[in-house]
Amino acid sequence: MTSASAGARSATRKPTNRRGGGNGPGGGAWFLVLPALVPILVLSVGPLLYGMALAFTDSQSGRTAATQWVGLLNFRDLAHDGLFWESFRIGLLWAVGVTVPQFLLALGLALLLNQKLRLRWLVRALAIVPWAMPEVVVGIMWRLVYQPDAGILNETVRDLGLGDGRDWLTGLATALPAVIVVGVWAGMPQTTVALLAGLQNTPQELHEAAAIDGAGAWRRFTAVTWPALKPVALAITALNFIWNFNSFALVYVLTNGGPGGRTRLPMLFAYEEAFRYGQFGYAAAMGCVMVAVIAVCLAFFLVGRLKEGGGK
């Protein structure tokens with residue numbers, strides 16, 4: 001072999017990828033994501049798959065016989081369980097009743113905090129206080145607010161001469177609205193922070209150009225602010241709906257699902273079936289239904305985002 005042919009062959013040889021350790025591009029990147037991937041698999045994916053498998057068994061607490069595979073029996077029983085579907089309806093009312101006012105109030109607060117106001121930094125800090133508080137603490141605090149004898153709310157009602165007050169959390173007509181108010185208050189800060197970040201990323205030149213063209217405040221909002229804010233608004237609204245639908249701790253501390261099941265959300269219903277009555281398989285079937293609802297909501301959101309992105 002001549003030196004010329006050897007040089008030509010070495011020139012046409014493909015370069016070896018040394019980053020992936022010989023296993024293709026990015027092969028070594030798995031070692032970088034493993035520290036984050038392992039906890040997700042162990043703490044999220046693993047329990048989810050186990051719970052889905054449990055839904056097809058007759059698993060119960062205190063049972064001496066071996067757990068049997070029952071197929072779709074739990075789901076057939078669930079389809080005829082009126083109490084569960086009533087809790088499902090209450091869960092939807094709760095999720096919508098919290099998410100919509102939460103977004104509207106957070107949008108107004110974000111627009112206010114985006115203005116150049118005095119002590120704006122202090123207001124921003126105070127606005128995220130409810131977000132920093134654990135749900136259990138929030139529930140205990142609001143139980144004191146709603147306390148029928150010495151609560152702040154009833155004391156204010158009496159001082160204004162509007163009546164003797166009422167027991168807000170045990171009244172059949174007031175329990176769910178009272179809990180919704182707490183849910184809005186507790187979840188509004190994170191929505192406000194997300195919307196405020198979206199507002200601050202909107203180019204100021206667009207607002208100035210619209211103002212020069214004679215556009216009023218409402219016109220600037222609909223033509224400039226909302227189009228730039230819409231992706232953030234849709235994302236945070238979808239996440240809030242899912243989070244609120246799966247809410248447990250706040251309602252559990254406030255009412256424990258009462259009175260008469262008026263605030264029994266699906267998650268509370270499944271909790272009672274599993275840990276009060278020991279019906280683990282049946283409760284797991286409820287969890288599968290809730291996972292399916294969340295998956296459908298996410299699918300609609302993703303399809304909408306893909307269509308919006310494809311139309312640009």
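Quick notes on this one:
- An oblate overall shape is assigned to segment 223-306, the ratio a/c of its alpha-carbon gyration tensor axes (a ≥ b ≥ c) being 1.5 or greater and a/b not exceeding b/c.
- Largest accessible area first, the residues LYS116, LYS307 order themselves as LYS116, LYS307 under a 1.4 Å probe with ligands, DNA and RNA left out.
- Relative compactness, segment 39-167, computed as alpha-carbon Rg over 2.2 N^0.38 Å: 1.68
- Springs between Cα atoms under 10 Å define the GNM used for the chain, and in it the highest mean-square fluctuation of ALA125, ALA228, ALA53 occurs at ALA125.
- The dipole here belongs to segment 62-173: it is taken about the Cα centre, uses +1 on the Cβ of Lys and Arg and -1 on the Cβ of Asp and Glu, and is about 620 debye.
- Sequence-distant contacts, meaning Cα pairs under 8 Å at least 6 residues apart, place the relative contact order of the chain at 26 percent.
- Listed residues ALA235, ALA106, ALA270, most fluctuating in the chain (Gaussian network, C-alpha, under 10 Å): ALA235
- Ordered from longest to shortest, the equivalent ellipsoid semi-axes for segment 96-161 are 27, 16, 14 Å, each the square root of 5 times a Cα gyration tensor eigenvalue.
- Each residue was assigned an accessible area with a 1.4 Å probe, and for LEU72 the value is about 100 Å².
- With every protein chain in place, segment 21-138: carbon and sulfur % of accessible area (1.4 Å): 73
- Taken per residue, the accessible surface of the chain reaches 61 Å², heavy atoms only and a 1.4 Å probe.
- Rounded FRET efficiency, nearest 0.05, which uses the C-beta distance separating VAL129 from THR202 and R0 of 35 Å: 0.85
- Between ASP213 and LYS116, the contour length at 0.36 nm per residue exceeds the alpha carbon distance by 32.7 nm.
- Helices in the chain, meaning DSSP H runs of at least 4 residues, each add -39500 (n - 2.57). Divided by all residues, the mean residue ellipticity at 222 nm is -20500 deg cm²/dmol.
- Computed FRET value (nearest 0.05) for ARG143 with CYS297, which takes r as the C-beta separation and R₀ as 30 Å: 0.45
The values are calculated or read from the model by the stated rules, or taken from the named source; none is laboratory data. Note that this is a predicted model, so its numbers are computed, not measured. No Cβ is skipped: glycine too gets one built from the backbone with ideal geometry, and neighbour counts run over all protein chains shown. Just so you know, the surface numbers come from the protein's heavy atoms only, side chains and all, with ligands and any DNA or RNA stripped out. Shrake-Rupley method; radii C 1.70, N 1.55, O 1.52, S 1.80 Å.
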